[in-house]
1. Kindly check whether there is at least one residue in the range 133-146 that is basic (Lys, Arg), modelled with pLDDT of 90 or more and under 30 Å from Gln245 (Cβ atoms).
2. Which numbered condition in (1) modelled with pLDDT under 90; (2) touching a helix residue (DSSP H, G or I) at 6+ places or on another chain (Cβ under 6 Å) is the only one that Leu78 fails?
3. Is one or more of the residues making up the range 95-104 outside any helix (DSSP H, G or I) and among the β-branched types (Val, Ile, Thr)?
4. So which residues in the range 215-244 are without any contact (Cβ under 8 Å) to a residue 24 or more places away in the chain and out of contact with any Gly (no Cβ under 8 Å at 6 or more places or on another chain)?
5. Just a yes or no: is a residue in the range 246-260 touching a Ser or Thr at 6+ places or on another chain (Cβ under 8 Å) and among the aliphatic types (A, V, I, L, M)?
6. Given the conditions (1) surrounded by fewer than 16 Cβ atoms within 10 Å (Cβ to Cβ); (2) in a helix (DSSP H, G or I); (3) of a type in the set (Asp, Glu), report the number of the one that Asp85 does not fulfil.
7. Would a scan of the range 59-71 turn up a residue that is at pLDDT 85 or above, under 25 Å from the mean Cα position of the chain (by Cα) and among the aromatic types (Phe, Trp, Tyr)?
8. Given the criterion among the hydrophobic types (A, V, I, L, M, F, W, C), over 22 Å from Ile107 (Cβ atoms), touching a residue at least 24 places away in the same chain (Cβ under 8 Å) and surrounded by 11 or more Cβ atoms within 10 Å (Cβ to Cβ), identify the matching residue among Leu78, Leu41, Leu53.
Amino acid sequence: MEQGEVLKKLRTERGFSQEKLTEGICARSTLATFENKGSYLSVELCSKFLDRLNIRADMYFNLISEDFDSKRTGFDRLKNLIDKDDNDNIVDQKNYFHSKYTATKDIYWFHLYFLAVEHLESLNNEFSYENFKIDYVKEIDVLKSYLYKVANWGSFEFALFSNSLWYFELDLILTINKKIKKSFSVANQSSQTLYGKHLLNFGFYCLEFGHHQLIDEIKNTLFAMAGYDNIHWKILSTYQLALSQELLTGKKSENDRFEIIIEPYYLFKEEHYAEELKKYRNRMHTKFL
């Protein structure tokens, strides 16, 4: 749970309403916004709330730390099981994540559950995003509802949105894109990186579902944002635009053109990434040409 969720849990367990806890300290709306992840809370206000709840500060922060460690362990375990193709244990983890979400209503556990489900479904030779959307409407609605509700996005929300793009309609994505621009600041390196990664995922979404009219704009935005540390954005967005042009015209380009685009990955000792891009291009040719 986030800090606001932990404070809300402790408050309700001790029978405090928001009005009762904030009386004489601050406006109720300040606490309400914090609990809904819409703002941050000063150390002074947090201390006053904990004093009124008769909770030690170390206990409060230990609860946050323990929850973070548990989530990190869950994520790492799922990733390792996927890397090892240990599908029997992935099924067990999927059930565990779902039970954690049922008990806590914490969207992080639902996200891990969703990733496990997605991986297991992808093992089916007939897997498609379209069929997955039909079979898991309720699960996808949980993600949509959460993303609509949260006012200020952090790294988790960006990751959740980008990982789930494939199951959202374009109108929804464009609406949320407008919303997250309010959370995005060019002056903030961390949010810039998150936004850049999201745009790359969005580029692949547009290729997958034929929204080629948006790819040139995505490339231009990434070129304007990219520096030396994220030159990868320029390479990949150039690749996306070149592939989009192939799919639009129905004609394959000379392989040399794509070899030139992805050549930097060989220079950076990232040959595996270049090979994945070749496979992806072949898959898109099979699907659309």
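The values are calculated or read from the model by the stated rules, or taken from the named source; none is laboratory data. Nothing here was measured: the structure is a model prediction, and the numbers come from that model. As a convention, Cβ positions derive from the backbone with ideal geometry for all residues, glycine included, and neighbour counts pool all protein chains shown.
1. Filtering the range 133-146 down to residues basic (Lys, Arg) leaves 133, 138, 144.
Imposing the further condition that a residue be modelled with pLDDT of 90 or more reduces the set to 133, 138, 144.
Okay, now just the ones that are also under 30 Å from Gln245 (Cβ atoms), so 133.
Checking the range 133-146: at least one residue is basic (Lys, Arg), modelled with pLDDT of 90 or more and under 30 Å from Gln245 (Cβ atoms).
2. Going through the list (1) modelled with pLDDT under 90; (2) touching a helix residue (DSSP H, G or I) at 6+ places or on another chain (Cβ under 6 Å), Leu78 breaks only (1).
3. No, the conditions are met nowhere in the range 95-104.
4. Result: Glu217, Asn220, Thr221, Phe223, Ala224, Gly227, Tyr228, Asp229, His232, Lys234, Thr238, Ala242.
5. Pass one, the range 246-260, residues touching a Ser or Thr at 6+ places or on another chain (Cβ under 8 Å): 246.
Retained after the next criterion (residues that are among the aliphatic types (A, V, I, L, M)): none.
No, every residue in the range 246-260 fails to be touching a Ser or Thr at 6+ places or on another chain (Cβ under 8 Å) and among the aliphatic types (A, V, I, L, M).
6. Tallying (1) surrounded by fewer than 16 Cβ atoms within 10 Å (Cβ to Cβ); (2) in a helix (DSSP H, G or I); (3) of a type in the set (Asp, Glu), Asp85 fails exactly one: (2).
7. Within the range 59-71 (the criterion being at pLDDT 85 or above, under 25 Å from the mean Cα position of the chain (by Cα) and among the aromatic types (Phe, Trp, Tyr)), the answer is no, since none of the residues qualifies.
8. Working: Leu78 fails: over 22 Å from Ile107 (Cβ atoms); Leu41 fails: over 22 Å from Ile107 (Cβ atoms).
Result: Leu53 is the single residue among Leu78, Leu41, Leu53 that is among the hydrophobic types (A, V, I, L, M, F, W, C), over 22 Å from Ile107 (Cβ atoms), touching a residue at least 24 places away in the same chain (Cβ under 8 Å) and surrounded by 11 or more Cβ atoms within 10 Å (Cβ to Cβ).
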